[in-house]
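The values are calculated or read from the model by the stated rules, or taken from the named source; none is laboratory data. Since the structure is predicted, the reported quantities are computational estimates derived from the model, not experimental observations. Note: ideal-geometry Cβ built from the backbone for every residue, glycine included; neighbour counts use all protein chains shown.
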Amino acid sequence: MNRKVSVCAGMMVAVAAFSASAEEAAEETSVDGPGVPRELSVPPLVAVAEQPVVHTGAPSKGAATGADAKADATVANTSPRSAEPSASTADAAVGGEVRAAASAQDPAGTKAEADEVHIPFSLTLVPGLSTSGFHTGNVVNNVSIGLVTTHAKRVDGVAMSLAGNWVGDGGLSGAQLTVGVNVSRGPVNGSQFSVGANIAGTSLLGLQSTVGVNVVRGDAEGAQLAVGGNIASGAVNGAQLGVGVNIAGKGLVGAQLGVGANIASGRVHGLQAAAGLNVAGQMTGLQMSSGVSYARELSGAQLSIINVGGVVDGAQVGIVNIASSVSGAQVGILNMARELDGEAVGILSLVGGGQARLQAWASDVALTNVGVKLGGRHIYSLFTVGYSPAIDEDRRRFVMGAGLGGHIPVGRFFVDLDAVGSTIHTKRLFEDSHHILAQLRLTAGWQVAKHFAVFGGVSANTLVTWDGSDRWEELGIGPQWRSVSDEGRTTVRMWPGLLAGVQI
């Protein structure tokens with residue numbers, strides 16, 4: 001045990017000494033100070049004048065004159081031009097190379113590059129204690145390994161640690177791997193892998209993969225994979241796959257696949273698929289969800305339980321479809337659109353430019369019938385209620401049904417073909433019934449006025465009775481076809497029928 005402790009202590013002392021030697025070497029070749037870039041110090045090339053020999057005797061006039069001439073010559077030789085420094089470079093400690101600025105007139109970008117210290121390999125024991133020295137804000141590494149964290153201005157290679165990897169404005173060209181958090185204040189051209197989070201300060205060209213959250217504070221080209229969420233403040237060209245939420249701040253070209261929500265504030269070209277929510281400003285492609293899909297402008301299709309759109313050029317297929325205007329189709333239980341240039345197929349369709357008609361008619365099944373016809377220009381749904389009083393041997397009966405049909409307008413003339421299913425009741429309208437009446441109806445009508453039409457037609461009626469209940473023998477006109485099965489418990493009867501009425 002004592003031996004292991006001694007080895008660890010020795011390693012830390014060696015790294016500390018290595019860091020100190022790197023700092024001392026850097027100080028010998030540079031001048032540090034607030035606002036002063038790190039440059040090499042160049043020794044002046046000024047010749048050192050020799051010290052004159054002092055004689056004890058009094059100089060003669062001729063000797064004095066010679067000394068004065070020699071001093072003048074020495075001053076003349078020591079000119080400002082001879083004092084100009086020459087350009088030079090020096091190698092830094094620990095295999096690092098410091099590149100000095102070429103001249104005071106160099107651009108700022110060149111000077112910033114000159115401040116970088118290239119150290120191919122760096123080992124960091126604890127923050128601030130590494131083989132790159134105590135100050136790593138201007139260090140460029142190819143391989144950076146840290147027991148806790150790593151830090152460099154730029155990494156052109158790989159950085160690995162347990163807690164986190166930090167790269168400055170120089171960015172990352174390669175890979176960062178950590179259990180904690182990867183951070184690059186500059187652009188990322190490569191990959192970031194972590195358990196906690198990945199953050200790219202300006203842009204991403206490559207891959208981010210994490211259990212937590214991926215963040216790009218700019219445009220992202222490539223893929224973001226996360227259990228928590230993927231966020232890009234700019235545009236995304238590629239894919240975002242997350243269990244939580246996917247967010248593209250300025251549009252998407254590609255796909256967003258999530259369990260929670262997909263959100264793109266700009267234009268989307270591609271696919272959004274989520275179990276929860278899809279949101280897009282302008283969508284060109286497909287939105288799929290077991291929850292809600294919303295697009296302010298849609299050119300494509302929405303397949304969700306609830307579809308909501310502004311201007312839709314395509315199709316909405318779901319249980320509930322809502323849009324401001326639709327050029328295409330709505331298929332669902334409830335369809336709503338302020339303007340519809342196409343078809344709405346559903347149980348209840350409330351669309352502008354479609355059909356919203358009230359009908360009243362008489363038939364062989366019920367003397368008085370009222371129905372509501374709702375739908376698009378050619379496809380409609382029909383809800384009916386009928387009543388027939390007791391007359392002679394005919395008993396009182398209530399009829400309630402719903403159906404789906406097609407409408408063919410030819411000028412003021414029109415033809416309707418629909419299929420209606422109804423239940424027949426004796427005492428009350430909503431009592432249990434063991435009778436199902438199926439009707440296939442063909443009618444023709446004439447639009448007398450804008451909001452008034454007359455129609456009439458024929459029907460094919462099929463009544464199914466089970467559990468040995470009342471067979472409604474009095475229903476039907478003309479010839480009939482009958483089938484009895486299940487030991488007389490189930491009866492099927494078919495007959496032709498007539499109907500006529502008005503529509504408003």
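Laid out as a table, the results:
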quantity: Long-range neighbours under 6 Å by Cβ, at least six apart or interchain, first residue farther than 17 Å from Leu463 by Cβ within the range 417-434, second of a type in the set (Phe, Trp, Tyr) and part of a strand (DSSP E or B); calculated: Leu429/Phe398
quantity: Any hit, the range 332-340, residues being farther than 30 Å from Glu473 by Cα, among the β-branched types (Val, Ile, Thr), assigned to a strand (DSSP E or B) and under 35 Å from the mean Cα position of the chain (by Cα); calculated: yes
quantity: Scan of the range 459-490 for residues that are out of contact with any Gly (no Cβ under 9 Å at 6 or more places or on another chain) and part of a strand (DSSP E or B), ordered by number; calculated: Thr462, Val464, Thr465, Trp481, Arg482, Ser483, Val484, Ser485
quantity: The listed residue being acidic (Asp, Glu) and closer than 20 Å to Gly128 by Cα, out of Asp169, Asp219, Asp156; calculated: Asp169
quantity: Filtered residues of the range 136-153 (kept if surrounded by 17 or more Cβ atoms within 10 Å (Cβ to Cβ) and part of a loop (DSSP other than H, G, I, E, B)); calculated: Thr136, Asn138
quantity: Breaking point among (1) at pLDDT below 95; (2) surrounded by fewer than 21 Cβ atoms within 10 Å (Cβ to Cβ), for Val370; calculated: (1)
quantity: Identity of the residue in the range 436-461, surrounded by 15 or more Cβ atoms within 10 Å (Cβ to Cβ) and of a type in the set (Val, Ile, Thr), that ends up farthest from Ala402 (Cα to Cα); calculated: Thr443
quantity: Gly314, sole failed condition from (1) closer than 28 Å to Phe452 by Cα; (2) within 22 Å of the chain's Cα centre (by Cα); (3) of a type in the set (Gly, Ala, Ser); calculated: (1)
quantity: Single unsatisfied condition, Gly157 versus (1) touching a Ser or Thr at 6+ places or on another chain (Cβ under 8 Å); (2) crowded, with 19+ Cβ neighbours inside 10 Å; (3) at pLDDT 95 or above; calculated: (2)
quantity: Residue within the range 440-458 that is in contact with a Pro (Cβ under 7 Å, 6 or more places away or on another chain) and part of a strand (DSSP E or B) present; calculated: yes
quantity: Some residue of the range 174-189 being assigned to a strand (DSSP E or B), farther than 19 Å from Asn230 by Cα and in contact with a strand residue (DSSP E or B) (Cβ under 7 Å, 6 or more places away or on another chain); calculated: yes
quantity: Close pairs (8 angstrom Cβ cut-off, 6 or more residues apart or separate chains): over 13 Å from Gly270 (Cα atoms) in the range 285-296, hydroxyl-bearing (Ser, Thr, Tyr) and part of a strand (DSSP E or B) anywhere; calculated: Ser289/Ser304; Ser290/Ser304; Gly291/Ser304; Val292/Ser304; Ser293/Ser304
quantity: Filter result for Ser433 (among the small types (Gly, Ala, Ser), within 20 Å of Gly401 (Cα to Cα), within 55 Å of the chain's Cα centre (by Cα) and in a loop (DSSP other than H, G, I, E, B)); calculated: yes
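To keep it simple, each residue is scored yes or no on (1) within 20 Å of Ser433 (Cβ to Cβ); (2) modelled with pLDDT under 90.
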residue: Leu463; (1), (2): yes, no
residue: Asp467; (1), (2): yes, yes
residue: Trp472; (1), (2): yes, yes
residue: Leu475; (1), (2): yes, yes
residue: Pro479; (1), (2): no, yes
residue: Val484; (1), (2): yes, yes
residue: Glu487; (1), (2): no, yes
residue: Trp495; (1), (2): yes, no
residue: Ala500; (1), (2): no, no
